[in-house]
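Notes follow the structure.
Laboratory data are not the source of any read-out in this text; all were calculated from the coordinates shown. From a predicted model like this one, the values you see are computed outputs, not experimental measurements. Cβ: placed from backbone, ideal geometry, glycine included. Neighbour counts: every protein chain shown.
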Amino acid sequence: GKFGLGRTALPEEIAAWDGDISPNGTGLPVGSGDALVGEEIFADKCASCHGDFAEGIGNWPKLAGGADTLNHDDPLKTVGSYWPYLTTTFDYIKRSMPYGDAGSLPDDEVYAIVAYILYSNDLIEDDFVLSNETFFDVEMPNANGFIVDNRAETEYVQWTGEPCMQDCKDVVEVTMRALVLDVTPDQAGAAEEEVAETTEVEVDEVAIDAIDAELAAAGAKVFKKCKACHQVGDGAKNRTGPILTGIVNGAAGAVDGFRYSKPLTKAAEGGLIWTEAELAAFLAKPKAYLKGTKMSFSGLKKETDQAAIIEYLRSFGS
Amino acid sequence: TADPLITEIQPWAQGFGDGVDAVRYGLPTEHEGDVIRRNVEWLTADTVSSINFTPIHALDGTITPQGCAFERHHSGAIDLKKDDYRLMINGLVDTPLVFSYADLERFPRENHVYFCECAANTGMEWAGAQLNGAQFTHGMIHNMEYTGVPLRTLLEEAGLDTTGDLSGKWVFVEGADASSNGRSIPMEKALDDVLVAFKANGEALRKEHGYPVRLVVPGWEGNMWVKWIRRIEVMDGPVESREETSKYTDTLEDGTSRKWTWEMDAKSVVTSPSPQAPIKHGTGPLVITGLAWSGRGAITRVDVSKDGGKNWETARLAKPGEKMALTRFYLDTDWDGSEMMLQSRAMDDTGYVQPTKTQLREVRGLNSIYHNNCIQTWLVRSNGEAENVEVS
């Protein structure tokens, strides 16, 4: 170049970063997966936000449903009802998902997850194997639903020129007021916010079981599955799930400012303590352990994973 | 009666204030503690993929201080050191290149003031008046002076001789964060005024705005201003990424959707008086002020109505409008204490006039979500309090 700045990018560097996939399939890796395999991976890595059936939880994106709603009030825009290109789904999941552990999915798992999302949208049968070969056999319902920006013809022509200045309308009446809805957040300023009193905490000199560093490190890896919803340690905040600092051997439902599900609140009132055994049982299959829990996580099947994550959490105090 | 603040010696007039090193990098005085970014919690599932709002009701002039300029993240504001920063240019170029941060500082650089507006700004107001405050209805915007290298310079450094016909080509840009937030930009824009920026308002970018390097795409929706930019690929066509298909597209009443609606149309809002900035001084002289901007050029005129759009007066621009930058307007008036339905209406140098919400709805319906540049109405009551309303 003119300035001679920078250096040539190496092929392996380009390969590491250049992962985008174009609508014509350029960039699509070799691989395959089906909805049955995808269902398990989805339950494990996606369902905590997107729901077991890709229906979405709370404000997290809904990935399935919404067919033929685009011309209704509040259309439901999902992969099935709205996305024009299936390549976009692969491109996004491969690079940016799972949330909090982006880029960790092998290509076959991405194919399987995409297949499961298609299956949830009734766009493929459960025996359909999605691969780089079969990718374009799938028809996206809204493939022809987009037009290129036409504001110049539909808007600019009619909203250009000298506007009216006097007596532009006969009557002006208020037709809607924001106060009726009252969805504006509280606006306490930083200066007005109460400053929490700091009190000296006496440190118990109780001997704590030594942490198994290796097991805790393994737990840190498993914890990636939880990170989209939970924080732990210094500076942790409640997110979709409560702060987990001090959870091991702590009282259930005790984190300030977190709104627990009714069943968990009830269990907490009943004196539930998160002993290692209780935590392991909960983590193995949350919905079986506590029917109605808000925690939408399919569970940690492996006992080694349960033990590792508990050790990891224990390293933040117990 | 005499004012004791004048007749009695006050502590600040007697003793000392802070020494020069009391604060090595200053925050605003605590008395301005309510001039802060605010979030609307119910909008999003989690603050790491969310947006907050600039307190435009409390600012004046046009430059947004970085510390209160709105943030939008798709997977959180990442911590990326200059030493760890790499920018790759690849794809249909003569030589794919990698630049370090230090490399970028050796290219000739430029300074420009531009606004950055999220396409979803005012998006919650499509179906009706919803949020009570200019910060919430119009605060997904900031305006800064950027220092950076034209993207054209970097593309030419990699070489476009082998690219072929440039008019049909695109660049795909992505960030270093987990979301990557990839977007496709047509080559014509990439070679026109896009900046690879590393300073804003004279100092390094803030972490939440893409430190150490972000893209600046003048006049175009904020989502394209990729933060922590790490890769620019010259391509034959658009990637049609998640952010340019499933998001940031505008669904019309018949169910079809517009895509590639990149330019932010002319828009304005009265920032004071407004719901968060009521009139507290009673009748008499009143400064009505606000902001106007256009992604298609410079603001040439702003009209203000006190009666909900029946009659209009032309406001005074603080200085002539600049292309793709915020313009401050003032209407210096005398308030008799009667109720006002305050509106502002911007015009840009293409001759475009900011539309009413009714006009927008007639073309687009109610499900557009993005790119709502309607005329805003504040109902100012005789006690000086203001409310977000819609009028006939």
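When A:D52 is tested against (1) within 14 Å of chain B (Cβ to nearest Cβ); (2) within 25 Å of A:H230 (Cβ to Cβ), just one condition goes unmet, and that condition is (1). In segment B:63-73 there is no residue matching the filter, namely being within 10 Å of chain A (Cβ to nearest Cβ), out of contact with any helix residue (DSSP H, G or I) (no Cβ under 6 Å at 6 or more places or on another chain), touching a residue at least 60 places away in the same chain (Cβ under 8 Å) and surrounded by 19 or more Cβ atoms within 10 Å (Cβ to Cβ). Residue-level analysis places B:G175 among those that are in contact with a strand residue (DSSP E or B) (Cβ under 8 Å, 6 or more places away or on another chain) and within 13 Å of another protein chain (Cβ to nearest Cβ). Of the candidates A:S22, A:S32, the single residue that is among the polar types (S, T, N, Q) and at the interface with chain B (Cβ under 7 Å from one of its Cβ atoms) is A:S22.
Taking every residue in segment A:289-305 that is within 18 Å of A:E39 (Cα to Cα) and pairing it with any residue that is hydrophobic (A, V, I, L, M, F, W, C) and assigned to a loop (DSSP other than H, G, I, E, B), at least 6 positions away or on another chain, the pairs with Cβ-Cβ distances below 6 Å are A:S296/A:I57.
The residue that is nearest to A:D74 (Cα to Cα), among those in segment B:250-264 that are within 7 Å of another protein chain (Cβ to nearest Cβ) and in contact with a Ser or Thr (Cβ under 8 Å, 6 or more places away or on another chain), is B:T251. Residues in segment A:132-154 that are crowded, with 18+ Cβ neighbours inside 10 Å and in contact with a helix residue (DSSP H, G or I) (Cβ under 7 Å, 6 or more places away or on another chain): A:M140 only. Annotation note: Cβ proximity below 6 Å between a residue of segment A:155-171 that is within 7 Å of chain B (Cβ to nearest Cβ) and a residue that is of a type in the set (A, V, I, L, M) (sequence gap 6+ or interchain) occurs for A:E155/B:V363; A:W159/B:V353; A:P163/B:V353. Here is the figure for segment A:113-134: residues that are within 15 Å of A:V79 (Cα to Cα) and either without any contact (Cβ under 8 Å) to a residue 40 or more places away in the chain or not in a loop (DSSP other than H, G, I, E, B) (or both) total 8.
Only residues that are more than 8 Å from chain B (Cβ to nearest Cβ), part of a loop (DSSP other than H, G, I, E, B) and buried (at least 21 other Cβ atoms within 10 Å of the Cβ) were counted in segment A:67-110, giving 5. Contact map, segment B:16-44: residues that are more than 7 Å from chain A (Cβ to nearest Cβ) paired with residues that are assigned to a loop (DSSP other than H, G, I, E, B) and surrounded by 10 or more Cβ atoms within 10 Å (Cβ to Cβ), Cβ distance under 6 Å, separation 6+ or inter-chain. Pairs shown: B:V35/B:P55.
In segment B:351-372, the residue that is nearest to the chain's Cα centre (by Cα) out of those that are within 22 Å of B:T245 (Cα to Cα) and within 10 Å of chain A (Cβ to nearest Cβ) is B:H371.
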